[in-house]
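What follows is one structure encoded as structure tokens, with my remarks underneath.
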Amino acid sequence: MATVYKAYEEPLTRHVAIKVLPEFFAEDRDYRVRFQVEAVAVAKLRHNNILTVFAYGEEEGVPYIVCEFVDGGTLAERLDGAMPIEDTIQVLTPVASALDYAHSQGVLHRDVKPSNIMLLSDGTPVLTDFGLAKVLGGDTITVTGQVLGTPEYMAPELVSGDGAGPAADRYSLGVVAYQMLTGRVPFQGNTPGATLMAQIHDPLPPARDLNPGLSVDVAVVLDRALSKAPAERYESAGDFVAALALAGLPAVLEAG
């Protein structure tokens, strides 16, 4: 939705990223509101693994956000087949901490996916792009005729319109974990609509069918994280990743 530019801030001698809403979208009230909600929501968050927002403004009617520049690319760019569980845990532990913190501050992300997890040059993950963020207790923002989210990572309750809570973000994190450990997302239809319907109706493809090297315990953890029923998932993102680490403990210890 937005275009991102790398810029240099001379007074502070640092590079920053400037996220600009294209003029076409800037003329649409719904998109402008979403863009401002992202800036306001993220600017209030202070966490090492959440992208820092420095400023929000408008230039000739076009809104922009100035934020931290991350130079390591995205997790999506690093994915090439199944990843070792120890690498998966190393990435997801800080991301889970960031999500739990955002939830504790009343902010839902609503679009957790590998392309929204950036990596610093040392490999530290940073959660970005709260463009679909919702402040808990606030008004719901919609764009007429559009599904807000990425079908492959959307929780069933988001697809069915039953409302979003922290459990929906945790489901998306579960999809990311499944993809990292198996090399593919669990649900991928021929069309976005088919993918959305699969999120609601299709059983989870067994992770061990895609990666026989995974333990039964790891598969059980993924099954719970990707339960269709929000109440059956882990109570926090941290609990999920901790359970995943415990289930994969032999592999993690061997790697260490």
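Gaussian network model of the chain, Cα springs within a sub-10 Å range: biggest mean-square fluctuation belongs to which of Val159, Val176, Val112?
Val159
For Glu235 and Ala55, compute 0.36 nm times the residue count separating them, minus their Cα-Cα distance, and round to one decimal in nm. Don't skip to the answer; put the middle values down first.
Working: separation 180, 0.36 × 180 = 64.80 nm, distance 3.33 nm.
Between Glu235 and Ala55, full extension yields an extra 61.5 nm.
Using the Cα centre of segment 1-131 as origin and beta-carbon charges of +1 (Lys, Arg) and -1 (Asp, Glu), tell me which of Gly72, Gln36, Leu119 is placed farthest towards the positive end of the dipole.
The listed residue farthest towards the positive side: Gln36.
Can you give the charge dipole size of the chain about its Cα centre, rounded to the nearest 20 debye, using +1 on the beta carbon of Lys and Arg and -1 on the beta carbon of Asp and Glu?
Numbers: 18 positive and 33 negative charges, 61 e Å.
Its charge dipole is roughly 300 debye.
For segment 15-60, list log₁₀ I(q)/I(0) at each q in 0.29, 0.33 Å⁻¹, using the Debye formula over Cα point scatterers of equal strength and ignoring solvent, two decimals each.
Those come out to -1.17, -1.30, one per q.
Helix-only estimate, please: 222 nm mean residue ellipticity of the chain, summing -39500 (n - 2.57) across DSSP H runs of length 4 or more and dividing by its residues, to the nearest 500. Show your work: numbers first, answer last.
On the way: 11 runs with 106 residues, N = 256.
Value at 222 nm, helices only, nearest 500: -12000 deg cm²/dmol.
Where does helix 29-43 land angle-wise versus the long Cα axis of the chain, in degrees 0 to 90, nearest 10?
It is inclined by approximately 70 degrees.
What residues of segment 168-190 lie in the reach of a label at Arg224, counting those whose backbone N is under 18 Å from a point 7 Å from the Cα along Cα→Cβ?
Counting only backbone N, you get 168-178.
What stretch of the chain, leaving out the sites themselves, is the longest with no GluC sites (Glu not before Pro) in a DSSP loop having at most 15 other Cβ atoms within 10 Å? Intermediate results must be reported in sequence, preceding the final value.
Details: sites that count: Glu27, Glu60, Glu235.
In the chain, the maximal stretch lacking such sites is 61-234.
Please compute the Kirkwood hydrodynamic radius of the chain from all pairs of different C-alpha atoms, in Å with one decimal. Kindly include the intermediate steps, with their values, before the conclusion.
On the way: mean 1/r = 0.0529 Å⁻¹.
After inverting the mean inverse Cα-Cα distance, the result is 18.9 Å.
So for the chain, taking the charge dipole from beta-carbon charges (+1 Lys/Arg, -1 Asp/Glu), which of Val4, Ala98, Asn49 sits furthest toward the positive end?
Among Val4, Ala98, Asn49, the one farthest towards the positive end of the dipole of the chain is Ala98.
Using a 10 angstrom cutoff on alpha carbons, build the Gaussian network for the chain and name the most mobile of Leu51, Leu127, Leu21.
Its mean-square fluctuation being the largest, the pick is Leu21.
FYI, it's all coordinate maths here, none of it is from the lab. Computed from a predicted structure; not experimentally measured. No Cβ is skipped: glycine too gets one built from the backbone with ideal geometry, and neighbour counts run over all protein chains shown.
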